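In what follows, a structure is listed as structure tokens, so that the remarks can point back to it.
The values are calculated or read from the model by the stated rules, or taken from the named source; none is laboratory data. What you see is a predicted model; the values in this text were computed from it and never measured. All Cβ positions, glycine included, derive from the backbone under ideal geometry; neighbour counts span all protein chains shown.
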């Protein structure tokens with residue numbers, strides 16, 4: 001199977017790098033040491049190189065250096081380098097003396113140990129290049145996934161757009177007919193029309209105005225309220241400055257989740273609290289609702305929030321905060337994202 005570099009995953013690329021490194025080691029040992037010894041030492045070297053590289057980029061660097069513990073990081077890096085290099089030197093000499101001895105047995109000297117430590121230091125420095133390369137390919141793959149998701153979303157939207165202008169014009173005609181007999185019904189038809197226009201005109205965009213997103217949420221809430229027999233009290237607090245841009249349908253998941261899983265349609269006293277504010281260049285969205293004793297089941301609960309988590313990872317990396325708190329009687333969600 002041919003592996004396309006364009007579509008290769010970071011794991012596949014790492015395997016390719018290690019395979020190449022192993023092959024280079026093997027070819028350098030082969031002329032003087034033979035196949036068995038060359039394979040043994042190539043495998044041993046690759047193993048110790050991996051400990052140094054992944055020990056640094058997967059454990060020491062993110063857990064110590066990136067958290068500001070620089071002195072501890074330096075001490076731990078030196079300890080790792082000395083320990084691994086010493087272990088590699090001892091094992092290398094032991095293998096030679098017990099299996100590949102061709103003359104006088106070798107012993108561990110200071111000069112030999114310095115050589116192995118120096119070699120380990122080179123590998124340690126190369127680990128930063130390795131880390132940058134992995135991060136680059138991960139970022140590139142995430143960008144590719146975002147493009148694929150966007151293309152798929154656009155395709156799905158095109159499939160769902162069955163003569164949208166015909167539908168809008170028809171809804172407008174129904175609205176004017178209903179307005180004369182039932183103004184409240186006409187208002188709901190108008191909200192439905194606005195929602196449909198949002199799906200067609202706004203959702204394909206990468207960013208929409210916050211005011212547009214708020215209007216979409218309000219229209220959705222109004223249409224959901226008429227489906228609840230005993231009504232629901234919705235508090236929607238808004239404290240926003242300006243009209244910043246954000247990805248479409250980002251806040252909708254929380255509201256949809258409330259009306260899907262957090263409303264007891266057969267009981268009175270349903271209460272939902274929403275809060276939306278902009279502060280210090282961030283958007284903060286909070287939701288809170290009581291949970292029914294016998295929640296309805298519509299497939300796998302929480303899949304919408306899981307999909308939202310994946311979308312946020314693609315859009316913001318580590319720059320967002322998503323906190324979900326659930327008790328037996330209450331569900332709370334908090335989302336914080338940077339604004340453009």
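The rows are residues; the columns are (1) within 24 Å of residue 339 (Cβ to Cβ); (2) modelled with pLDDT of 90 or more.
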{"residue": "232", "(1), (2)": "no, no"}
{"residue": "242", "(1), (2)": "yes, no"}
{"residue": "250", "(1), (2)": "yes, no"}
{"residue": "257", "(1), (2)": "yes, no"}
{"residue": "265", "(1), (2)": "no, no"}
{"residue": "274", "(1), (2)": "yes, yes"}
{"residue": "282", "(1), (2)": "yes, yes"}
{"residue": "290", "(1), (2)": "no, no"}
{"residue": "305", "(1), (2)": "yes, no"}
### Query
Mind checking which residues of the stretch 210-230 are in contact with a helix residue (DSSP H, G or I) (Cβ under 9 Å, 6 or more places away or on another chain) and closer than 30 Å to residue 152 by Cα?
212, 213, 215, 216, 217, 218, 219, 220, 221, 222, 223, 224
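The rows are residues; the columns are (1) at pLDDT 85 or above; (2) within 26 Å of the chain's Cα centre (by Cα); (3) part of a helix (DSSP H, G or I); (4) surrounded by fewer than 16 Cβ atoms within 10 Å (Cβ to Cβ).
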{"site": "4", "(1), (2), (3), (4)": "no, yes, no, yes"}
{"site": "11", "(1), (2), (3), (4)": "no, yes, yes, yes"}
{"site": "17", "(1), (2), (3), (4)": "no, yes, yes, yes"}
{"site": "29", "(1), (2), (3), (4)": "no, no, yes, no"}
{"site": "33", "(1), (2), (3), (4)": "no, no, yes, no"}
{"site": "41", "(1), (2), (3), (4)": "yes, no, yes, no"}
{"site": "45", "(1), (2), (3), (4)": "yes, no, yes, no"}
{"site": "54", "(1), (2), (3), (4)": "yes, yes, yes, yes"}
### Summary
Of the residues in the stretch 231-275 that are out of contact with any helix residue (DSSP H, G or I) (no Cβ under 9 Å at 6 or more places or on another chain) and either in a strand (DSSP E or B) or not assigned by TED's automatic domain parsing to the domain that holds residue 312 (or both), the one that is surrounded by the most Cβ atoms within 10 Å (Cβ to Cβ) is 270
### Task
Could you run through the stretch 196-230 and say how many residues are part of a loop (DSSP other than H, G, I, E, B) and more than 26 Å from the chain's Cα centre (by Cα)?
5
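Taking residue 106, is it loosely packed, with under 13 Cβ neighbours inside 10 Å and more than 30 Å from the chain's Cα centre (by Cα)?
On the way: loosely packed, with under 13 Cβ neighbours inside 10 Å: no; more than 30 Å from the chain's Cα centre (by Cα): yes.
In short, no.
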### Task
Check whether at least one residue in the stretch 315-331 is assigned to a helix (DSSP H, G or I), surrounded by 12 or more Cβ atoms within 10 Å (Cβ to Cβ) and modelled with pLDDT of 85 or more, and report yes or no.
yes
### Lone unmet requirement of (1) exposed (fewer than 14 other Cβ atoms within 10 Å of the Cβ); (2) touching a strand residue (DSSP E or B) at 6+ places or on another chain (Cβ under 6 Å); (3) at pLDDT below 90 for residue 205
(2)
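Right, residue 126: out of contact with any strand residue (DSSP E or B) (no Cβ under 8 Å at 6 or more places or on another chain), modelled with pLDDT of 85 or more, within 19 Å of residue 45 (Cβ to Cβ) and assigned to a loop (DSSP other than H, G, I, E, B) or not?
Details: out of contact with any strand residue (DSSP E or B) (no Cβ under 8 Å at 6 or more places or on another chain): yes; modelled with pLDDT of 85 or more: yes; within 19 Å of residue 45 (Cβ to Cβ): yes; assigned to a loop (DSSP other than H, G, I, E, B): no.
No, not satisfied.
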